[in-house]
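In what follows, a structure is listed as structure tokens, so that the remarks can point back to it.
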């Protein structure tokens, strides 16, 4: 069939991964098509109406620092902003926004519409086409129309062969009552891609007026809300209020009595669910000793009365849903507008991808988001951005982007996915990074903006501002190193007040600021020091001083690894030819095909001796020429 | 490439031992501890030259050595290399190696010197396969050693520490990653108690770990037996000199006399004790108390029985007090008409200490019960590494302790503990990150 249109890059799915992928590709000059089953679902939030959260907030900041859209969109659609984990150490501070769900859709759709080189097309893609050398040539829709593309990015989310479950009833369907993508799975299977089933779930949406808020505990936004985007200016909308309710023994009794009605417990669903986001029945069964679980009541937007019940996802039948909700104090008269459901969908085990998110052995086929076995909008967007940059690099013949673990949570996410695979929907956590201390959300720009600039996703103006911010911080840290404080009464009084020892000899500001209790702002005002910094710059300079030493130590731990990171493994390397390798190592290396030695060393079952053997073998190969 | 060090001579007692250090900082690192008698600094020495001097740990002199410098690329590995030749003996060479580690060298991996030689083009391609065999063989040996250690007491203790750390890290991770409710595991008192407990355990292992200590210091051995079973004669036989007063009267030996003796591959720290019996003599009572005190600390009991009288009820009572310690029964005075060897759960060695027989009989018995664990022929490489890892982990945990007191934020403390846990996990070639995350999902109700 003759193509009806020709593109460089085709993106299948316009969720959070697809949007980033399409925008990155189009901004980098590739003629890009964004295919979606429904134009009205672009950038939809079928689950939680929020952006960010622990570790996810880090991802959003990193996406923004690289030139993606999620940070800007999150700021624009924010109705409440909170910095999570404020009491727990700077490296785990993480921004989280309650977002206006319909606004987020409209905002991201408009951005896509306004972007040159990007066309949005409503259609269900049924087939991907490749030539005999496994090169992508295009896609075909459900009605047989052909769209020529040289590269394709799969961002199918939970749509692929989607099945919705409520109680023991299963129905074909996509999220938020959308149509599922019924046909593409077969085409992917024909191309040799192995698919598996994952499941996830979402709680009820209820009517605002049906809750007695006097029995709930309110939760407000921060007094001093910080935006996601490093380029943000102006105010954030921050006046929405969330509430906390609690389940009780009665709720748990209802759940236990009806557990047989759950499609999961009755084994109707075989798909694996996310461990991080368990359903309420999972929580009650697995943590039977807990007397209560929290439910967060969150507005889904300003122009709607729908409230989201975070922490209460379930796939129990609707008659049980209403019973268990009404057992909660404050929910006695609750009105359900959308029922909770579980959704099961096709996805891959991401070890078949390389670090660029391309399928190994195929040319021009990329994948991002829930299709890769992750959960969460932020994880999806992060992958979408990388896949978009790399699909366009493939078209343009540029070097692809491969972020190292030490550079970012995005790099950690992708390395985990392609090296270890995942057995349940993967959620980012700060504990997944061995570089947690240096990956603070406030350093995302320092770490990634130069890369975003290099790939053409950061404007000249923004880059200039970034450089000047970096210079200010650097010079501030230098000055902090050099300034000496004399032991004055005012200073010693302050030091004692915050629980640390006074000084008797002059000391460097640097040494005093290193004390955990000492705040930069306090000490500079007491000592009359003005380094002429913005608040953001001052905060970062302070954290640099407080964290430097520990980061240096962390880095020393990983020096040996970065040596291994430089040793690339040839694509066709036949591990069975390496004399002396253990059979377990051969099997795993052959299946996962790591791209460099450091990645190989992270595979369980590959020993340091195996790594040595590969090194020696490669060197020997070098002699052959 | 990092700078690596290892003892290159076989890990056994010998006349001399050689320690090789290779890598870009090899010369600088060795300079920290080498003090030449003619003021020659390694950094000023040309390749293929050597210097005579001593190795010092701070101000303490450890040994006279010959230090040879090889300058890259003219060395076995093709890198800057220093070879330190010291007096044989595991203790000295291990101390020097420990010093090298503390100054920045790292334990050499499987076949690493040869691998580096190959990577640097010092060996021909035809040798590559031989190199791989070597790496694999070394790797297998380390694996065997690791398996062995896992089953041993050290391994069990280490696993317990790892598990405690992992639990703690899981709780921290749960809390750091957005928990709404503060886990009781992290209350300051609990956290501090847990960290202190782990630090103490590690410290204990570092200073007291049996195999390592027995290897470094010798096997703490008590000579026990009823009065006049011939313990002092046995002592003199073992020591080859008159250390104890030998008389024909019961209860002559009242002090605990300590002596170091080599038997086969083993070093014994011998305590000769007063004979054990009920007595009213106050001085003798003190001696007997001292004997039991020595027994508390002992790794090994050499229990002497008067073969003429045979095994008596008092012997069985005394043996019962030995608990789980290694015991060898010396069936003494077999030169006289004596009783038959009894059935017994302990090995019995018939001797006539008075006639000064060969020590080989005892060496064999020791080997049968202690195996290779404490001779250095088996655990050598592993233990250097383990010791190194334990020390590194301990340093991080004590750092975490200090930070906790100073009020440092939890993420920094968590990071120190993570480094410590990862260090410990290195022994089994594991990474703890996955275990920590598993622990979060298993123990805590995560997610909203």
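Points worth noting:
- Two-site label geometry, residue A:465 and residue B:49: point separation in nm, points 7 Å out along Cα→Cβ: 6.2
- A:32, B:114 arranged by Cβ crowding within 10 Å, fewest neighbours leading: B:114, A:32
- For the protein assembly as shown, share of DSSP beta bridges that run antiparallel, in % to the nearest 5: 65
- The antiparallel fraction among DSSP beta bridges confined to chain A stands at about 70%.
- Theoretical FRET efficiency, 1/(1+(r/R0)^6), r = Cβ-Cβ of residue A:349 and residue A:233, R0 41 Å, to 0.05: 0.45
- Taken residue by residue and averaged, Cβ atoms of other chains lying within 10 Å of the Cβ of B:404-410 number 5.
- On the principal axes of its alpha carbon atoms, the range B:4-123 extends 39, 32, 24 Å, with the longest extent given first.
- Volume per residue of the convex hull around the Cα atoms, evaluated for the range A:24-146, comes out as 137 Å³.
- For the range A:177-329, the share of alpha carbon pairs falling in successive 10 Å distance bins from zero is 9, 30, 28, 21, 11, 1 percent.
- The label-point distance for residue B:368 and residue A:286, in a model that sets each label 7 Å from Cα toward Cβ, rounds to 5.4 nm.
- Shielding by partners, peptide A:543-553 (average Cβ within 10 angstrom, other chains): 2
- Most tightly packed first, judged by the mean number of other beta-carbon atoms within 10 Å of their residues, the peptides A:587-596, A:464-473, A:432-441, A:90-99 read A:90-99, A:432-441, A:587-596, A:464-473.
- Ranked by how many other beta carbons lie within 10 Å on average, peptides A:530-541, A:417-428, B:159-170 from highest: A:417-428, B:159-170, A:530-541
- A Stokes-Einstein calculation at 20 °C with viscosity 1.002 mPa s, built on the Kirkwood radius of the protein assembly as shown over Cα pairs, returns a diffusion coefficient of 64 µm²/s.
- Contact order normalised by residue count of chain A, Cα under 8 Å, 6+ apart, percent: 17
- Extension gain, residue A:113-residue A:4: 0.36 nm per intervening residue step, less the Cα-Cα distance, totals 37.2 nm.
- Relative packing of B:389-402, A:16-29, A:180-193, which averages over residues the other C-beta atoms within 10 Å, highest first: A:16-29, B:389-402, A:180-193
- Global geometry of the range A:560-624, whether rounded, prolate or oblate, following the gyration tensor of its Cα atoms and the 1.5 cut on a/c: rounded
- Residue by residue along B:28-39, Cβ atoms of other protein chains within 10 Å of the local Cβ number 0 on average.
- Ranking of B:182, B:118 by neighbouring Cβ atoms within 10 Å, starting from the fewest: B:182, B:118.
- Shape call, the range A:402-493: gyration tensor on alpha carbons, a/c limit 1.5: oblate
- Rounded if a/c under 1.5, otherwise prolate or oblate - chain A, Cα gyration tensor axes: oblate
- Additional length obtainable on full extension of the chain from residue A:505 to residue A:40, 0.36 nm per residue less Cα span: 160.6 nm
- Taking 7 Å steps out from each Cα toward its Cβ at residue A:489 and residue A:190 produces label points 8.8 nm apart.
Where a number appears in this text, it was derived from the coordinates with a stated rule and is not lab data. Keep in mind that this is a model prediction, so the values were computed, not measured. Don't worry about glycine lacking a Cβ; one is built from the backbone with ideal geometry, like all the others, and counts go over all protein chains shown.
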